[in-house]
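Please read the structure below before turning to the comments.
The values are calculated or read from the model by the stated rules, or taken from the named source; none is laboratory data. Since we're looking at a predicted model, the values are computed, not measured. FYI the Cβ positions are ideal-geometry reconstructions off the backbone, even for glycines, and counts take in every protein chain you see.
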Amino acid sequence: MTFQAIVIDKDANGRYRAEQRVLADEALPEGDVTVGVQYSTINYKDGLAITGKAPVVRKFPLVAGIDFSGVVEQSTHPEWKPGDRVVLNGWGVGESHSGGLGQLARVKGDWLVPLPDGLSARQAMAIGTAGYTAMLCVMALEKHGVRPADGDILVTGANGGVGTVAISLLGKLGYRVVASTGRLGEAEFLKQLGAAEVIDRGELSAPGKPLGKERWAGVVDAVGSHTLANACATTRYRGAVAACGLAQGMDFPASVAPFILRGITLYGIDSVMAPQALRREAWQRLARDLDLAKLDAITREISLGEALQAGQDILDGKIRGRVVVNVSNG
Ligand code: NDP
């Protein structure tokens, strides 16, 4: 059997390249479950993998795609049988194990999560790893005890994948959301998603003071660097910040002042190796708490071949909302 896939490889001269290829099923890696992939998406990390801009791919050749949704075709794993609807995020898939930008994937059954009732395979990838990470951030704030009555929640990188889903979730849960963006022209879009207020990301992205006016009961930060430092410096007494991204930079040029003078808490959010129980909770919550009509409205569908260009576009900040890759459309 053959299938189409986006393959990352190095040529004879060691040059990095990504291209669409037809593969035989013998090319599938080891694993106890084979999945017929229906949808994948383009995450920031997929952009890095497709363009080679950062060394996220650690094995060649490799099918790209850090997440997918689809239907089990074959299984020797006790939990899964043919016909089961599944979703996968992370675990090194699309980095060191062939991933979701191919029509077939073979993975460990322990990595799979059942697709909750009420979510289609397309909606699952419209949520994608970005949306699932946004849910992990929201759950961290909730577990900290941040409630809608406590005050504003800042969401940075508002027009990105994490940002759009975080705004939508928080808005539906009753929080007052302040969205920080470099694309103020999209303010109306962000308000329709659930933001009460939109601010220019320039307010947060330059080097700032160790402490500023207390503004946020909670923060979902997808940006890192000075933005994260300034978000911490302006978080209210005993508030919480959930940090998941590095769109501005990997550095964290902050001081301890907000931690030791205001008792704020900084939660690190990792989606890749998150334990199964947390993943299942996040996916159940997404099925329950996300406005799926809004999700559908911000989702654009592309073919497998178009994933190569979309990988560059996400790094260039040209993607608004969610892009799903209809993998069956080669
Ligand atoms: P996107 O590219 O979709 O969104 C990132 C957003 O950040 C952009 O849309 C833009 O928002 C903003 N941004 C971009 N560049 C800058 C800059 N130089 N300074 C300030 N803001 C900037 O990515 P995702 O939402 O999918 O992911 C966001 C981050 O989270 C990435 O760094 C990604 O690697 C990380 N991530 C981490 C995960 C984890 O497990 N921890 C899982 C998933 C993602 P706007 O145009 O509104 O300003």
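Figures for the structure shown
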| item | result |
| --- | --- |
| Number of the exception - residue 242 against (1) in contact with a helix residue (DSSP H, G or I) (Cβ under 6 Å, 6 or more places away or on another chain); (2) closer than 29 Å to residue 316 by Cβ; (3) of a type in the set (Gly, Ala, Ser); (4) part of a loop (DSSP other than H, G, I, E, B) | (4) |
| Qualifying residue in region 306-321 (condition: in a helix (DSSP H, G or I), more than 16 Å from the ligand (Cβ to nearest atom) and in contact with a helix residue (DSSP H, G or I) (Cβ under 9 Å, 6 or more places away or on another chain)) | yes |
| Extreme residue, nearest to the ligand (Cβ to nearest atom), among residues of region 40-69 that are in a strand (DSSP E or B) and without any contact (Cβ under 8 Å) to a residue 60 or more places away in the chain | 69 |
| Filter result for residue 74 (surrounded by 17 or more Cβ atoms within 10 Å (Cβ to Cβ), part of a strand (DSSP E or B) and more than 16 Å from the ligand (Cβ to nearest atom)) | no |
| Any pair with Cβ under 7 angstrom, 6 or more apart, that starts in region 160-180 at a residue that is assigned by TED's automatic domain parsing to the domain that holds residue 216 and among the charged types (D, E, K, R) and ends at one that is at pLDDT 95 or above and within 15 Å of the ligand (Cβ to nearest atom) | 172/194 |
| Cross-chain or 6+ apart pairs with Cβ under 7 Å, region 11-28 first and in the same structural domain as residue 48 (by TED's automatic domain parsing) and of a type in the set (Asp, Glu), then surrounded by fewer than 16 Cβ atoms within 10 Å (Cβ to Cβ) and in a strand (DSSP E or B) | 11/17 |
| Residues (at pLDDT 85 or above and surrounded by fewer than 17 Cβ atoms within 10 Å (Cβ to Cβ)) located in region 318-330 | 318, 328 |
| Residue within region 135-148 that is of a type outside the set (D, E, K, R), modelled with pLDDT under 95 and assigned by TED's automatic domain parsing to the domain that holds residue 220 present | no |
| Of residues in region 168-222 being farther than 22 Å from residue 316 by Cβ and of a type in the set (Val, Ile, Thr), the one surrounded by the most Cβ atoms within 10 Å (Cβ to Cβ) | 220 |
| In region 257-269, residue farthest from the ligand (Cβ to nearest atom) [restricted to those that are free of Cβ contacts under 8 Å to residues at least 40 places away in the same chain and assigned to a loop (DSSP other than H, G, I, E, B)] | 263 |
| Near pairs, Cβ below 9 angstrom, 6+ apart or cross-chain, from region 115-143 (part of a helix (DSSP H, G or I) and of a type in the set (D, E, K, R)) to any residue that is modelled with pLDDT under 95 and more than 11 Å from the ligand (Cβ to nearest atom) | 122/296; 122/299 |
| Single residue of region 236-252 satisfying the filter (in contact (Cβ under 8 Å) with a residue 60 or more places away in the chain and within 16 Å of residue 150 (Cβ to Cβ)) that is nearest to the ligand (Cβ to nearest atom) | 242 |
| Test: residue in region 289-298 that is within 13 Å of the ligand (Cβ to nearest atom) and not in a helix (DSSP H, G or I) | yes |
